[in-house]
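Report on the following structure.
The values are calculated or read from the model by the stated rules, or taken from the named source; none is laboratory data. Computed from a predicted structure; not experimentally measured. Glycine gets a Cβ as well: all are built from the backbone with ideal geometry, and neighbour counts include every protein chain shown. SASA here: full protein model, heavy atoms, side chains in, ligands and nucleic acids out. Shrake-Rupley method; radii C 1.70, N 1.55, O 1.52, S 1.80 Å.
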Amino acid sequence: MSTPSLPLPGGTWTLGDLTVTRFGYGAMQLAGPWVMGPPADHEGALAVLREAVDLGVTHIDTSDAYGPRVTNELIREALHPYPESLHIVTKVGATRDEQGGWPPARRPEDLRRQVHDNLKSLRLDVLDLVNLRLGNAEGPQPGSLAEAFETLVELRQQGLIRHLGVSNATEEQVTEAQAIAPIVCVQNMYNLVHRHDDKLIDRLATDGVAYVPFFPLGGFTPLQSSALSAVAARLKATPMSVALAWLLQRSPNILLIPGTSSTAHLRENIAGAGLHLSHEDLTELEDIGR
């Protein structure tokens, strides 16, 4: 691996006993359209993963459901044997159907199978961090996570998982998980326009728990806001750069995992996230999504 040529913005955060860069990489976009099947450019996908690590990223987010199995196999092909500093975060709790849907799979036997599938596809003996995916494709849904989360606690006690987190969770489910066992992160949809978790982020920061927003740039529907565009124009930056920089400045426990299938776009994201937003900029952005 080469010496990083760009400083990663945001510094680092500690997930339990794992130190990761606050700027990470989400591998979901490496799969084919709608996160199904292989990438159109196999070698290009490998290049993005290697570039991310070369640039100093130590936090890669994935799931065996992506593809399915596609992104994990790409990560293994590109990066195994993994650098000691690299930490791969995966999630369980959903599978894929032939229509590209994400049906829940949270019975104990489902979760055990998914953990072993992730270990096999990534060629690991232990998973650094496993997030339990809750809710459905429409977002978080109320209900107890106890049986599913306790299954992951058992797998952690067996030495197959180091740390646990939850994803697509309500605040009540986060609290319930914390009452069962320590969690080191919450991974929910959140960005400059969708700010329903503001109070939860602040609470988790006090607890020393990371918050990892998925769809930080809006996902399949890119963020659109006149205020965002105005700030970006004033800074001679792209709206997406401002949105990433805002997340890093929003709270020190926010970790970024923007995805891309392009090495050039990866570098643009890193540079954009390092943009400094003034008090005036932040004030102007503050009312978006509220």
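Among the criteria (1) open to solvent by less than 40 Å² (accessible area, probe 1.4 Å); (2) assigned to a loop (DSSP other than H, G, I, E, B); (3) farther than 23 Å from residue 137 by Cβ, the one residue 244 does not fulfil is (2).
Return yes or no: is residue 81 touching a residue at least 24 places away in the same chain (Cβ under 8 Å), more than 24 Å from residue 11 (Cβ to Cβ), assigned to a loop (DSSP other than H, G, I, E, B) and open to solvent by 10 Å² or more (accessible area, probe 1.4 Å)? Spelling it out, it is not the case that residue 81 is touching a residue at least 24 places away in the same chain (Cβ under 8 Å), more than 24 Å from residue 11 (Cβ to Cβ), assigned to a loop (DSSP other than H, G, I, E, B) and open to solvent by 10 Å² or more (accessible area, probe 1.4 Å). Suppose the filter is among the small types (Gly, Ala, Ser) and free of Cβ contacts under 8 Å to residues at least 40 places away in the same chain; does residue 11 pass it? Answer is yes for this residue. Taking segment 23-56 as the range and being part of a loop (DSSP other than H, G, I, E, B), farther than 20 Å from residue 82 by Cβ and touching a residue at least 60 places away in the same chain (Cβ under 8 Å) as the test, the residues that pass are 39, 41.
Looking across segment 226-241 at every residue that is among the hydrophobic types (A, V, I, L, M, F, W, C) and assigned to a helix (DSSP H, G or I), the one that is surrounded by the fewest Cβ atoms within 10 Å (Cβ to Cβ) is identified as 233.
Screening the candidates 193, 184 for the property of being crowded, with 21+ Cβ neighbours inside 10 Å and either at pLDDT below 95 or within 21 Å of residue 256 (Cβ to Cβ) (or both) yields one hit, 184.
When segment 35-78 is limited to residues that are closer than 24 Å to residue 17 by Cβ and polar (S, T, N, Q), the one that is surrounded by the fewest Cβ atoms within 10 Å (Cβ to Cβ) turns out to be 58. Condition first: touching a Leu at 6+ places or on another chain (Cβ under 7 Å) and under 20 Å from residue 247 (Cα atoms). Can you find one or more residues in segment 144-156 that meet it? Within segment 144-156, none of the residues are touching a Leu at 6+ places or on another chain (Cβ under 7 Å) and under 20 Å from residue 247 (Cα atoms). Filtering 183, 201 for residues that are assigned to a helix (DSSP H, G or I) and within 17 Å of the chain's Cα centre (by Cα) leaves a single hit, 201. A single entry from 16, 37 fulfils the requirement of being modelled with pLDDT of 95 or more and over 19 Å from residue 163 (Cβ atoms): 37. Among the residues of segment 140-166, those identified as open to solvent by less than 70 Å² (accessible area, probe 1.4 Å) and small (Gly, Ala, Ser) are 143, 146, 148, 159, 165. Looking only at segment 87-99, residues that are open to solvent by 20 Å² or more (accessible area, probe 1.4 Å) and in contact (Cβ under 8 Å) with a residue 40 or more places away in the chain come to 2 in all.
Among residues belonging to segment 196-208 that are in contact (Cβ under 8 Å) with a residue 40 or more places away in the chain and open to solvent by less than 10 Å² (accessible area, probe 1.4 Å), point out the one that is nearest to residue 286 (Cα to Cα). Filtering first and then ranking leaves 201.
Filtering segment 126-139 to residues that are open to solvent by 60 Å² or more (accessible area, probe 1.4 Å) and over 22 Å from residue 70 (Cβ atoms) leaves only 138. Figure legend. Inter-residue proximity from segment 268-284: first residues under 15 Å from residue 23 (Cα atoms), second residues polar (S, T, N, Q), beta-carbon distance below 6 Å, spacing 6+ or different chains. Indicated pairs: 272/241; 275/241. Residue 223 satisfies every condition listed in (1) touching a residue at least 12 places away in the same chain (Cβ under 8 Å); (2) surrounded by 14 or more Cβ atoms within 10 Å (Cβ to Cβ); (3) not in a loop (DSSP other than H, G, I, E, B) except (3).
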